[in-house]
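Data block below; observations after.
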Amino acid sequence: MTEPLLILKKLAILREHVGRVRRRRPDTVEAFTSDVDVQDAAALSFVVAVQEASDIALHIVADEGWGLPGSYKDAFETLAQQGVIALPHAKQLADCARVRNRIVHGYTSVDAERLWTELPSGLDALDGYVEAIAKLVDNSGG
């Protein structure tokens, strides 16, 4: 059984970092691409938020005995198979994990314009994830 307090702490961190990205992302791509400090701050908070989401998925899947996912994508898809989130939402979260990987591993450097464009849908997916996981915890008596 998944420990509700652990999940709730991770959800709080996730929510905080999503808020930080929203506050730091300028209204224009020009403002974002011209300020590397803003890019770095937004990227770091996005990475932390996605990492928390992934950790939560891995914890739940393992604790509930739903298998051993080989990737973050697999963990999100397992949550979808178990009815915790919808399959399209799992795909959105897998996209977030791919953005996280590009940032963390610096694949051909991070394209600031692309990141600026990807952030809103990623943040929306993470917000929806917080709601779904909070509901799961609430329904489990946590």
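If you only keep lysine pairs separated by 8 or more in sequence, or across chains, how many in the chain come under 20 Å at the Cα atoms?
5
Note down the net charge around Trp66, summing +1 for each Lys or Arg and -1 for each Asp or Glu among other residues with Cβ under 13 Å from its Cβ. List each step's numbers first, then the result.
Values: positive: none; negative: Asp63, Glu64, Asp74, Glu77.
Taking every other residue near Trp66 into account, the sum is -4.
What nm distance separates the two modelled labels at Leu6 and Thr33, each placed 7 Å from Cα along Cα→Cβ?
Once both label points are built, they end up 4.3 nm from each other.
Around Thr28, with a cut-off of 12 angstrom between Cβ atoms, what is the net charge of the other residues, counting Lys and Arg +1 and Asp and Glu -1?
-3
What shape does region 23-102 take by its C-alpha gyration tensor, where a ≥ b ≥ c are the square roots of the eigenvalues and a/c under 1.5 counts as rounded, a/b above b/c as prolate, and the rest as oblate?
prolate
Here, each number is a calculation from the coordinates, and none is a lab measurement. Note that the structure is predicted; figures quoted are calculated from it, not measured. Don't worry about glycine lacking a Cβ; one is built from the backbone with ideal geometry, like all the others, and counts go over all protein chains shown.
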